[in-house]
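The values are calculated or read from the model by the stated rules, or taken from the named source; none is laboratory data. Bear in mind that the values here come from a model prediction, so they are computed numbers and not experimental data. Virtual Cβ from ideal backbone geometry, glycine too; neighbours counted across all protein chains shown.
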Amino acid sequence: MNIDLEQIRNHFKKDHFATENDVVIDSVTADCVVCSIELNTSHRNSVGGVQGGAIFTLADLAFAVHSNLAWVCGEDVGVTVGQSCSISFLKSTKGNRLTAKSACLFKGRSVSVYRICVEDDLGVPIAEMLANGFTSVKL
């Protein structure tokens with residue numbers, strides 16, 4: 001598979017919720033997708049912590065990119081959507097940036113499983129998501 005980072009970024013610009021909340025795609029390989037978010041006041045909840053939805057959105061984009069990588073790169077494999085996701089929030093962050101790294105645990109013809117680990121720029125694990133995807137034959 002020929003991975004073109006700019007092609008992938010251009011495709012996922014259409015994910016308006018993630019991009020309008022400042023999530024960026026940093027790097028992509030067949031084995032790992034890295035996305036990040038520079039935290040600002042719009043990502044904070046009422047007590048000053050990072051809003052869980054911001055953390056989930058970051059992890060969800062890493063999952064979306066990784067699970068659809070072959071399709072976005074032109075392979076006729078169908079589109080993968082989230083079937084179920086479970087996220088555990090481990091710790092609040094004192095950092096200014098969060099990074100999500102994905103790993104594929106299983107990729108079948110129609111079902112896949114990914115682990116997405118979120119950590120801050122201080123190296124502290126913040127959350128872990130387990131995401132199950134379902135791949136349809138066509139959109």
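Values computed for the structure shown
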{"read-out": "Residue tally, condition of a type in the set (Ser, Thr, Tyr), surrounded by 15 or more Cβ atoms within 10 Å (Cβ to Cβ) and touching a strand residue (DSSP E or B) at 6+ places or on another chain (Cβ under 6 Å), over segment 9-45", "value": "1"}
{"read-out": "Residue within segment 39-61 that is within 15 Å of Thr135 (Cα to Cα), of a type in the set (Phe, Trp, Tyr) and either more than 16 Å from the chain's Cα centre (by Cα) or part of a helix (DSSP H, G or I) (or both) present", "value": "no"}
{"read-out": "Matching residues, segment 116-126, being of a type in the set (Val, Ile, Thr) and not in a strand (DSSP E or B)", "value": "Val124"}
{"read-out": "One residue from Val65, Val113 being over 24 Å from Leu5 (Cβ atoms) and surrounded by 15 or more Cβ atoms within 10 Å (Cβ to Cβ)", "value": "Val113"}
{"read-out": "Residues being closer than 15 Å to Cys32 by Cα and among the aliphatic types (A, V, I, L, M) - total across segment 92-139", "value": "9"}
{"read-out": "Unique residue being surrounded by 12 or more Cβ atoms within 10 Å (Cβ to Cβ), aromatic (Phe, Trp, Tyr) and touching a residue at least 40 places away in the same chain (Cβ under 8 Å) when the list is Phe89, Phe56", "value": "Phe56"}
{"read-out": "Segment 116-139, subset among the small types (Gly, Ala, Ser) and under 18 Å from Phe56 (Cβ atoms), residue surrounded by the fewest Cβ atoms within 10 Å (Cβ to Cβ)", "value": "Ala127"}
{"read-out": "From the options Val124, Val50, Val79, Val118, residue that is hydrophobic (A, V, I, L, M, F, W, C), touching a residue at least 12 places away in the same chain (Cβ under 8 Å) and within 20 Å of Asn10 (Cα to Cα)", "value": "Val79"}
{"read-out": "Single residue of segment 76-115 satisfying the filter (assigned to a loop (DSSP other than H, G, I, E, B) and basic (Lys, Arg)) that is modelled with the highest pLDDT", "value": "Lys91"}
